[in-house]
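The values are calculated or read from the model by the stated rules, or taken from the named source; none is laboratory data. Bear in mind that the values here come from a model prediction, so they are computed numbers and not experimental data. Virtual Cβ from ideal backbone geometry, glycine too; neighbours counted across all protein chains shown.
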Amino acid sequence: MRAAGVKYKFRTLRLSPTSTTTGTRALRIPTTTASKPPKCLVPYSPSSCPFLRVGHPLALSKASSIRGLAAVAVAPAVPEEPDIIPQEEILAKMDPKEMARLARVRNIGIAAHIDSGKTTCTERVLFYTGRIKSIHEVRGKDAVGAKMDSMDLEREKGITIQSAATFCDWVKKENGVDEKYHINLIDTPGHIDFTIEVERALRVLDGAVMILCAVSGVQSQTITVDRQMKRYNVPRISFVNKMDRMGANPWKAIEQINSKLKIPAAAIQVPIGGEDSFQGVVDLVGMKAIFFEGHKGIDVIEKELSEIPAEVKKLAEEKREVLIAALADVDDTIAELWLEEKTPTLEQIKAAIRQATLARKFTPVLIGSALADKGVQPMLDAVCDYLPNPSDGNFGQLTYIRVYQGTLKKGMHFYNAKSGKKIKVPKIVRMHSDEMEEVPSIGAGEICAVFGVDCASGDTFTDGGLPYSMTSMFVPDPVISLSIKPKNKETAAFSKAMNRFQREDPTFRCKVDLESQETIISGMGELHLEIYVERLRREYGLDCVTGKPEVAYRETIDSRQEFDYVFKRQTGGAGDYARVMGYMEPTRDPEGKNHFEEQIVGGHISEKFLYACEKGFLKSTEKGPMIGHKVLGTRMIINDGATHMVDSSEMSFKMATEYAFRDTFKLANPIILEPIMKVAVSAPNEFQGNIVGLMNKRNAVIEDSEIGADEFTLTAMCSLNAMFGFSSQLRAATQGKGEFSMEFKDYLPTPPQLQKELIANFEKERARRNATR
Ligand SMILES: Nc1nc2c(ncn2[C@@H]2O[C@H](COP(=O)(O)OP(=O)(O)OP(=O)(O)O)[C@@H](O)[C@H]2O)c(=O)[nH]1
């Protein structure tokens, strides 16, 4: 439960100024709007968990979506009790029964590449735990669809769009005794267009199951999900699914987790048979064979190794050695035994796997086939054995803080800018590797760590006087947009829907273009936007007309250019006057940040007017001078200028900067940049030629091509512009058997011909608008 987990598992905490200037303007941090009141993922009641005080247990049985749960991390304290109690105190006060109950709770997510079998697997989990009475397959013949794909659109397309939350109870045998675990589970979408759903889910979870396809191994989206799990420090177990498929090879998948994801991984099971004859697994920890019999594999039958073929037994012995060797690398006890050539006990192996998994130094790999009803129950056992419970991170978790201004003293109060909560600074420590030294205070510019501070990664703390905050969740920028308008003038329902979608999904944006007066929606891909257009129709009864999808281009400059701009206007009474001088140049910043700086000597422009200049600069970067797209990687320095005693105003300096920016930009070797996508296409081997042809036609740079037993995967870099309409062409070229995913990689210059066309189209459109005004 990151409800308690995040609350007490804090990591980095940064107060980061966005401006490099000092003085009163140094702390200009983007303000985020407050999210909805947080809900609690786990049905805690205030009496059973007094410190959480959420008081609003979310009825997970009814919740088909986890919308709004991202706010869990910062559950508010009750108003009459604003101080946060240090967590050592909380734990000391906590009822031992409550601690025991928490030890049997798991909050986990299932995340993987598209179509790896997350939903199919979750369907089995619900069935085996008794939450549903029968299994319906994704795109199954009965046309019912899986329980977790609750939206009609999900059932029709056979993909998961929204994360869905559910819970179940799993009874696990521990030393011959039945132990009941409560599992809260979130099934996340695999498609890159819905990546924010995974971010949102991982942020509130304690652990995850990473599913891989036994044929395809680590795929493009597995790498994205891996990055997200690392970003939110989520421990994971891995499940190699689809062992029944031709060409299934779990060892390749495990090797790829080690080499491509760089996480030490080893199998804790070996398969008995494979492909058509996949029957079960050997558990390498307990060294026993496990078979799945009865209706939908509901009966788990354990057998002695003497009852299975000798070659499987031999493989199990070999792979157990590999497992122990891998654990010796990450666990001291096992390392010592390993050196002494002693065999660790079952308990020692289990403890080592758990500790190393929790520390995110290792991922144990399980094997199975959800569709063939094999291997899901041991996966649930592994969730209980190796993934954290909500109180697991409570001890020893620190929050790292960088102090930007002032002094942080033990016992003082500061405020979380996001939640407004008043927090007492408990113990402050300086870290020396893994040792710590307690200090009474810490000054500006230093990094320290504190215990028991209620916050989320990236939160901002102030002395209470400044209402600034910054967003802590990573939200990728949209790469595609299109104009949209309802066919009938249903404006109220339309704006209600738009507001809801934006609240739910930070990667979906909606704005009205001031020049064209059109509503523009933007998101992570064609499919992403298509789904919202379809949701408007189904959920709000709004048929919409959409424009052609447009790529989110960027504009930048490639050389340094000086400027000396005078803005002068005489309109009747008082006039306007401002003169700004300086230069513009590329920042060459890898993240493409823009930068404004004043280097005025002699006070020719006052602080107040320089602030207006910075405003003018920021406004200019929002809409580039070439084609009206955002500006990247551009620095503007103002180092001189002039002010008129009467005619100068903030407005005139803002305007002067905007005009100077526009003119100088055009002289500084301007370039239009376009999004380059990393595309992964897989299809049966016989279509390889067709697909290479399709990619070549799009001028894609093919980076890698991996040929499996029956399928191949091709990875290429291609401009988003060239990828329009790819899904239908891929369908046609592969008899519907090919699939692809793409992810934003970088912004690169457009070919000169395209740049010319884009500018010409922009000018033409502007002239048309001016003529109709
Ligand atoms: N052969 C085989 N097919 C499987 C297995 N598990 C799932 N599938 C099939 O793979 C396809 C995708 O399964 P899903 O469960 O929808 O995969 P997903 O990861 O939830 O998909 P998204 O959420 O859309 O990314 C479906 O056609 C399943 O029937 C398996 O173990 N073996």
Among (1) within 27 Å of Phe127 (Cα to Cα); (2) assigned to a helix (DSSP H, G or I) - the single one Asp329 does not satisfy: (1)
Members of the range 313-323 found to be within 33 Å of the chain's Cα centre (by Cα) and either crowded, with 19+ Cβ neighbours inside 10 Å or not in a helix (DSSP H, G or I) (or both), listed by number: Leu323
Asp283 being at negative phi and at pLDDT 95 or above: yes
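Yes or no, residue by residue, for (1) loosely packed, with under 15 Cβ neighbours inside 10 Å; (2) in contact with a Cys (Cβ under 6 Å, 6 or more places away or on another chain); (3) closer than 19 Å to Pro675 by Cα:
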{"position": "Ile484", "(1), (2), (3)": "no, yes, no"}
{"position": "Met524", "(1), (2), (3)": "no, no, yes"}
{"position": "Arg537", "(1), (2), (3)": "yes, no, no"}
{"position": "Tyr540", "(1), (2), (3)": "no, no, no"}
{"position": "Lys548", "(1), (2), (3)": "yes, no, yes"}
{"position": "Tyr553", "(1), (2), (3)": "no, no, yes"}
Selection within the range 263-312 - farther than 16 Å from Leu346 by Cβ and part of a helix (DSSP H, G or I): Glu275, Asp276, Ser277, His295, Lys296, Gly297, Ser306, Glu307, Ala310, Glu311, Val312
Residue identified as touching a Ser or Thr at 6+ places or on another chain (Cβ under 7 Å) and either within 16 Å of the ligand (Cβ to nearest atom) or closer than 30 Å to Phe744 by Cα (or both) among Lys260, Lys230, Lys296, Lys242: Lys242
Gly420 vs. criteria within 16 Å of the ligand (Cβ to nearest atom), at positive phi and either buried (at least 22 other Cβ atoms within 10 Å of the Cβ) or of a type in the set (Gly, Ala, Ser) (or both): no
Matching residues, the range 206-224, being part of a helix (DSSP H, G or I) and surrounded by 24 or more Cβ atoms within 10 Å (Cβ to Cβ): Gln221, Thr222
Qualifying positions in the range 232-249 - over 17 Å from Thr222 (Cβ atoms) and within 16 Å of the chain's Cα centre (by Cα): Asn233
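Table: residues versus (1) at pLDDT 95 or above; (2) surrounded by 16 or more Cβ atoms within 10 Å (Cβ to Cβ).
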{"site": "Ile605", "(1), (2)": "no, yes"}
{"site": "Ala612", "(1), (2)": "no, yes"}
{"site": "Phe617", "(1), (2)": "yes, yes"}
{"site": "Glu622", "(1), (2)": "no, no"}
{"site": "Leu632", "(1), (2)": "no, yes"}
Whichever residue in the range 336-354 is within 16 Å of Pro264 (Cβ to Cβ) and modelled with pLDDT of 90 or more and, among such residues, is surrounded by the most Cβ atoms within 10 Å (Cβ to Cβ): Ile353
When residues of the range 355-385 are limited to those that are touching a Ser or Thr at 6+ places or on another chain (Cβ under 9 Å) and not in a helix (DSSP H, G or I), the one surrounded by the most Cβ atoms within 10 Å (Cβ to Cβ): Ala370
Any hit, the range 568-575, residues being more than 30 Å from Val512 (Cα to Cα), part of a strand (DSSP E or B) and not assigned by the TED database to the domain that holds Pro749: yes
Selected residue (criterion: modelled with the highest pLDDT) from residues of the range 101-120 that are touching a helix residue (DSSP H, G or I) at 6+ places or on another chain (Cβ under 9 Å) and within 13 Å of the ligand (Cβ to nearest atom): Ser116
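One line per residue, one yes/no per condition, for (1) at pLDDT 80 or above; (2) aliphatic (A, V, I, L, M); (3) closer than 16 Å to Phe461 by Cα; (4) assigned by the TED database to the domain that holds Leu358:
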| residue | (1), (2), (3), (4) |
| --- | --- |
| Leu408 | yes, yes, yes, no |
| His413 | yes, no, yes, no |
| Glu435 | no, no, no, no |
| Ser441 | yes, no, yes, no |
Any hit, the range 683-704, residues being modelled with pLDDT under 90, of a type in the set (Lys, Arg) and at negative phi: no
Odd one out for Gly393 among (1) in a loop (DSSP other than H, G, I, E, B); (2) at pLDDT 70 or above; (3) out of contact with any Leu (no Cβ under 8 Å at 6 or more places or on another chain); (4) outside the structural domain of Asn107 (by the TED database): (2)
Of the criteria (1) at pLDDT below 75; (2) farther than 25 Å from Arg354 by Cβ; (3) among the acidic types (Asp, Glu), which one Glu123 fails: (1)
